[in-house]
Amino acid sequence: MTLLVLTYPNLNPIALKLGPLVIHWYGIMYGLAFIIGYALLRRRVRSAPYSGEPAWSMDDVSSLVFYAVGGVLLGGRLGYVLFYKPTYYFTHPLDIVMIWDGGMSFHGGAIGVIIALFWFARNQHRSFLTVADLLVPMVPIGLGLGRIGNFINGELWGRPAPASLPWAMVFPQVDSTPRHPSQIYEFLLEGVLLFVLLQLYDRRRPAAGCISGAFLLGYGVFRFIAEHFREPDAFLGVLGLGLSMGQWLSIPMILAGPALWWWSVRRARTRPTVSAADGAVERQSDAVTE
């Protein structure tokens, strides 16, 4: 009996072409992510108290998004160039700017955003951890939409899957083997699930740095799991210990996340605050939400 296997629909990665102007769905996904993230940041700033920090204006939010976009694009592209195809791009340097053809590294983008946020926080005289905690709950939106862009492009397909798997999919541009639709797995894990978990945790008003720590851990774990179903890049293959490049790059995040969370909680518990009533020094150990 022949089992029913899904077939990749061979979607056109180009959404619109007007003469020399070509707009790709991948770029549209990034644009949507920035627009949605900006709208949610505005709402978040209005609803969340930031005691001890300068008041946030809408111009501040716009500046933060500008810094973040720059960090994502520069860091993501350079990360892909350095982590995945250094030899190719060193011999084809003009191709580095061709972001519309795909080729972005989340881990490189994360480094770029961290640098951009440090710069922003310093210029705005704000706490880096507060700025990071404000932004990171929005990041899964971009991750999820980016994976949709990968699916439309027909790239980053999964490893071979049992034909009995109801959602196994054949990617004709690769071969006739049923595979895991790993782009959808990553959309659900890194995009939807991570977004929901961070929003729920954020409602507890955790200490500064805890949201960022939770994000690092959550993304690292979900990416590590998803990579198990994703076909390793042909030009890299499987690396040491049978792990892919994505898994190796996720391990530092899995380690750094709990470390940052623990340090943030400990810092908040031992950091003295001045009482508004008499100026006495109080400890906040009972006020910190983990």
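Residues considered: Val113, Val69. Of these, the only one that is in a helix (DSSP H, G or I), surrounded by 18 or more Cβ atoms within 10 Å (Cβ to Cβ) and touching a residue at least 40 places away in the same chain (Cβ under 8 Å) is Val113. The residues in the range 215-232 that are in contact with a His (Cβ under 8 Å, 6 or more places away or on another chain) and either part of a loop (DSSP other than H, G, I, E, B) or more than 15 Å from Ile184 (Cα to Cα) (or both) can be counted, and the count is 1.
Considering the conditions (1) more than 30 Å from Val238 (Cα to Cα); (2) buried (at least 22 other Cβ atoms within 10 Å of the Cβ), Arg204 is excluded by exactly one of them, (2). Of the residues making up the range 157-175, those that are touching a Lys or Arg at 6+ places or on another chain (Cβ under 7 Å), closer than 13 Å to Glu231 by Cβ and in a loop (DSSP other than H, G, I, E, B) are Trp157, Arg159, Ala161, Phe171. Tell me, yes or no, whether the range 233-248 has at least one residue that is at positive phi and not in a loop (DSSP other than H, G, I, E, B). Checked the range 233-248: at least one residue is at positive phi and not in a loop (DSSP other than H, G, I, E, B). Between Leu193, Leu165, Leu217, Leu189, the distinction of being in contact (Cβ under 8 Å) with a residue 12 or more places away in the chain, in contact with a Gly (Cβ under 6 Å, 6 or more places away or on another chain) and either farther than 30 Å from Arg271 by Cβ or not hydroxyl-bearing (Ser, Thr, Tyr) (or both) belongs to Leu217 only.
Residues in the range 13-30 that are in a loop (DSSP other than H, G, I, E, B) and exposed (fewer than 11 other Cβ atoms within 10 Å of the Cβ): 2 in all. What's the number of the only condition in (1) at pLDDT 95 or above; (2) crowded, with 22+ Cβ neighbours inside 10 Å that Leu135 fails to meet? Single failed check for Leu135: (1).
Of all residues in the range 157-176, those that are out of contact with any Pro (no Cβ under 7 Å at 6 or more places or on another chain) and surrounded by 18 or more Cβ atoms within 10 Å (Cβ to Cβ) total 2.
The values are calculated or read from the model by the stated rules, or taken from the named source; none is laboratory data. Keep in mind that this is a model prediction, so the values were computed, not measured. Heads up, the Cβs are rebuilt from the backbone with ideal geometry, glycines too, and the neighbour counts pull from every protein chain shown.
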